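Contents: one structure, followed by commentary.
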Amino acid sequence: MDDSPLTADGLLLRPFQDADAAPFVAAVRESAEGMQRWMPWSSADYSVAQALQWFQACRDGWAAGSACEYGIFEQDTAAFVGGAGLNKIQHDPRFCNLGYWVRQSCRGQGVAPRVVRALAAQAFGPLGLQRVEIVVAVGNLASERVAEKAGALREGVARNRLVIDGRPADAHMFSLVP
């Protein structure tokens, strides 16, 4: 799969590089309190080793054609803003999941909806997919708002659709189609 950078109205999305580990860790630690409920991997003691392990998993996903994970950076300053990607890519029946997180200090600036729209365009264009799913744990109101602002349709609640911290969780299913 093509791993060329994408742009999204002042943002640059590109595959993670090992040099991104320190800013990635700083962003996770800054945001852990607000994210950990929905993303248990985030913690105040998240390490560079964990970031590098994640970056390798991202490269493996690119190589396998099963995921396209991006770091989100401010286009002008190259400051690290968050992460997002297309994952669980299925070429038959041509759909994927889309996930995102934005560091605490950059929330409320419309970053995530811009990123969702850019990734959906990548999914429907170069990847040739027909459906993008955004799966949001019930109660994650901020993520629900992102999906709605990006134009995703709320299809309903899927019971036990997610596993969060080892426990099944119901989730809102949102979709984008071309």
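Where a number appears in this text, it was derived from the coordinates with a stated rule and is not lab data. Every value quoted in this text rests on a predicted model; they were computed, and no experiment measured them. Here the Cβ is made from the backbone with ideal geometry for all residues, glycine too, and neighbour counts use every protein chain on show.
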Exercise. Taking only the alpha carbons of the range 51-106, what extent do you get along each of the three principal axes, in Å, biggest first?
Worked result: 38, 22, 19
Exercise. Applying the Karplus parametrisation 6.51 cos²θ - 1.76 cosθ + 1.60 with θ = phi - 60° to the phi angles of the range 155-167, what ³J(HN,Hα) value in whole Hz is obtained for each residue in order, glycine and proline being reported as x?
Worked result: 9, x, 10, 9, 6, 6, 6, 10, 10, 10, 6, x, 10
For this session: May I ask which residue of Gln130, Ala57, Val28 lies farthest towards the positive end of the charge dipole of the range 6-176, with charges of +1 (Lys, Arg) and -1 (Asp, Glu) on Cβ and the Cα centre as origin?
Result: Gln130
Problem set entry | Per-residue ³J(HN,Hα) for the range 68-78, Karplus 6.51 cos²θ - 1.76 cosθ + 1.60, θ = phi - 60°, Hz, x for Gly and Pro | 10, 9, 10, x, 9, 10, 5, 5, 7, 9, 6
Problem set entry | the range 1-66 and the range 82-136: distance between their alpha carbon centers, rounded to Å | 14
Problem set entry | Debye, to nearest 20: dipole size of the range 29-178, +1 on Lys, Arg Cβ, -1 on Asp, Glu Cβ | 280
Seminar exercise, completed: With +1 on the Cβ of every Lys and Arg and -1 on the Cβ of every Asp and Glu, the dipole magnitude of the range 18-69 about its Cα centre, in debye rounded to the nearest 20, is 100
Seminar exercise, completed: Once Gln130 and Asp3 are pulled to full extension, the length gained, defined as 0.36 nm per residue separation minus their Cα-Cα distance, is 43.7 nm
Seminar exercise, completed: Ratio for the chain, C-alpha Rg to 2.2 N^0.38 Å, reads 0.97
Problem set entry | Linear extension gain, Glu74 paired with Leu153, 0.36 nm per residue minus alpha-carbon span | 25.7 nm
Exercise. How big is the convex hull of the Cα atoms of the range 70-169, per residue, in Å³?
Worked result: 119
